[in-house]
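The values are calculated or read from the model by the stated rules, or taken from the named source; none is laboratory data. Note that the structure is predicted; figures quoted are calculated from it, not measured. Note that we place each Cβ from the backbone using ideal geometry, even for glycine, and neighbour counts take in every protein chain shown.
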Amino acid sequence: MNVREWALIIFTVLAQMSVGSFIVLGAIHYFVVQKSGTKQADELSDRALLAIGPVLVLGMAASLLHLGNPLNAYKAVTNLGSSWLSREIFFGVLFAVAGAVFAVMQYKKIASFMIRNLVALAAAVIGVVLVYSMAMVYMMPTRPAWNMVTTPISFFTTTLLLGVLAMGAAFVANYWYVQKKNPGCASEQCVLLRDTLRWIAVASIILLGFQFVVLPLSVALMVANGAAMSAEMLVGEFGVLFAVRLVLVFLGAGVMGIFVYREAQTAGHEQMLAYAAYAAFAFVLVGEIVGRFLFYSTAGSFGLQ
């Protein structure tokens, strides 16, 4: 793979992680508000929100490396009516703008809580459309290994799995910041952290199960869809990498997910909880990057201009 092809891997994984993180963060913030009030919910989530933007910007910047001439990037959005690639770029930029607007409103507490929530909901919907557009770019008859229902399903699964675990790591980092700056409020934040990470662990385990249904289904559909060579490459030439991907995702979302859940049940285990949350995210992130590498490599040459 050359630099341009690796740029697509970085862009798709980071963009999907950003969308998933935004959706997961919004859902958690809503439920924490109901349980503990707006102040505690903001203390838990505001700094985590600010981490999403740079990740998306990094992904968008990487996508420019895939273009023959990055200075012509603006031309890529001229075919919104007929091109999923144009829609992908358009909704990527729109999601970045909407997310940035909400982040500023939330951090500066501009407008009412309800209005900020409406802006967040709009950004989340745009993010979902972005991921759908990304998947539809690869739904082409000339690439039977991609032209399957499992392509959009796997993209959305990656979106949620990375989003869940990225936010778990972000909440841990935020907790240590709160504890250092304001120890007096850290006790309640500790309870919220442990409660939140328990739900994150459960979600990651459920999504892992979903992943392990989608992956063999994808291989079976490759064979049925006339892409038997791609299936053979996946379990043959790239068999070791395929196994590595499975092991990494299993360790991160499964083994570490169970460990996070157990450690989150007892106060005083925050240090071990932090290590587990970071490890879970790291394992799955690397696993999803390997998975995306396999997605492109087993489909043969590609060059979306």
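Would you call Gln211 of a type in the set (S, T, N, Q), buried (at least 18 other Cβ atoms within 10 Å of the Cβ), closer than 19 Å to Leu165 by Cα and free of Cβ contacts under 8 Å to residues at least 60 places away in the same chain?
Yes.
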Q.
Checking Ala264 against (1) surrounded by fewer than 19 Cβ atoms within 10 Å (Cβ to Cβ); (2) more than 25 Å from Phe11 (Cβ to Cβ): exactly one of these is not met. Which one?
A. (1)
Q | Boolean, Leu44 is in contact with a Ser or Thr (Cβ under 6 Å, 6 or more places away or on another chain) and not polar (S, T, N, Q) | A | no
Q | Positions within segment 104-134 being surrounded by 13 or more Cβ atoms within 10 Å (Cβ to Cβ) and touching an Asp or Glu at 6+ places or on another chain (Cβ under 9 Å), in sequence order | A | Gln106, Tyr107, Leu130, Ser133, Met134
Q) Could you give every pair whose Cβ atoms fall below 6 Å, whose first residue belongs to segment 29-47 and is surrounded by fewer than 19 Cβ atoms within 10 Å (Cβ to Cβ), and whose second residue is modelled with pLDDT of 90 or more and aliphatic (A, V, I, L, M), counting only separations of at least 6 or pairs across chains? A) Val33/Ala41
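Matching residues to (1) part of a helix (DSSP H, G or I); (2) in contact with a helix residue (DSSP H, G or I) (Cβ under 7 Å, 6 or more places away or on another chain); (3) under 28 Å from Thr298 (Cα atoms); (4) modelled with pLDDT of 95 or more:
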| residue | (1), (2), (3), (4) |
| --- | --- |
| Leu162 | yes, yes, yes, yes |
| Met167 | yes, yes, no, yes |
| Asn174 | yes, yes, no, no |
| Ala186 | yes, yes, no, no |
| Val191 | yes, no, no, no |
| Ile200 | yes, yes, no, yes |
Q) Just wondering, is there one or more residues in segment 171-191 that are touching a Leu at 6+ places or on another chain (Cβ under 6 Å) and surrounded by fewer than 21 Cβ atoms within 10 Å (Cβ to Cβ)? A) no
Q. Looking at segment 235-258, which of its residues are surrounded by 17 or more Cβ atoms within 10 Å (Cβ to Cβ) and farther than 23 Å from Ala166 by Cβ?
A. Phe238, Phe242
